[in-house]
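Undergrad: Mind having a look at this structure? Questions to follow.
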Amino acid sequence: MTRPPFDRADGEPAPGGTRIDRWTLFRDVAVFQGKLVLDNIKDLTLVPISLGAAVISLFNRDGDTGRQFYGVLHAARRVEDWLDKYGDADRIPVPPFAQKRDGESIDVLLARIEDLVKRQYERGGVTANAKDAIDRALDALQAKLDRRT
């Protein structure tokens, strides 16, 4: 039996005991690159479509506001699920540095920043105070990320 290329130099299996052969790796790299190209085409197509849908949605009657825009988001999510860009990552166990933690997303960060800006606006001090609060939030996030690495 030949040693798979993902084994370490000392002959031990890759972390988690998973063995990946060269052809599987080659296939997964090629498929991933193809998926990245398709994903970029999707993204480039979505820019004008989503903006157009948003403009059209602005003119909807009350109660129907946003229908076209959110329809585009749902369709884009369906394409994302279909592409499943990172599906082949499941061939090996998730390394500790790549494990997703609860509440960790760009949406959470944006919600925090939006909340800070709203509170500052309500207090009447949106300019320097908001900038300082956002800087502190971003510094805290950066410090949290730095501690993980």
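The values are calculated or read from the model by the stated rules, or taken from the named source; none is laboratory data. Treat the numbers as computed from the prediction; the structure is a model and nothing was measured. Glycine gets a Cβ as well: all are built from the backbone with ideal geometry, and neighbour counts include every protein chain shown.
Undergrad: So is A130 modelled with pLDDT of 85 or more, surrounded by 14 or more Cβ atoms within 10 Å (Cβ to Cβ) and not hydroxyl-bearing (S, T, Y) or not? I'd like the intermediate steps shown before the answer.
TA: Working: modelled with pLDDT of 85 or more: no; surrounded by 14 or more Cβ atoms within 10 Å (Cβ to Cβ): yes; not hydroxyl-bearing (S, T, Y): yes.
When the stated conditions are applied, A130 does not pass them.
Undergrad: Moving to a separate point now. Which pairs turn up if I take residues in the range 74-95 that are more than 23 Å from A54 (Cβ to Cβ) and in contact (Cβ under 8 Å) with a residue 12 or more places away in the chain and look for partners that are in a loop (DSSP other than H, G, I, E, B) and of a type in the set (A, V, I, L, M) with beta carbon separation below 9 Å, at least 6 apart in sequence or on another chain?
TA: Here the result reads R91/I20; I92/A14; I92/I20, each pair linking the range 74-95 to a residue that is in a loop (DSSP other than H, G, I, E, B) and of a type in the set (A, V, I, L, M).
Undergrad: Taking A75, is it of a type in the set (A, V, I, L, M) and outside the structural domain of L44 (by TED's automatic domain parsing)?
TA: Taking the combined requirement at face value, the residue does not satisfy it.
Undergrad: Right, another one. Working only within the range 78-119, note down all residues that are outside the structural domain of K42 (by TED's automatic domain parsing) and modelled with pLDDT of 85 or more.
TA: Once the filter is applied, which keeps residues that are outside the structural domain of K42 (by TED's automatic domain parsing) and modelled with pLDDT of 85 or more, the range 78-119 yields I106, D107, V108, L109, L110, A111, R112, I113, E114, D115.
Undergrad: Taking the conditions exactly as written (within 21 Å of the chain's Cα centre (by Cα), exposed (fewer than 10 other Cβ atoms within 10 Å of the Cβ) and over 27 Å from Q142 (Cα atoms)), does V47 satisfy them or not?
TA: The answer is yes for V47.
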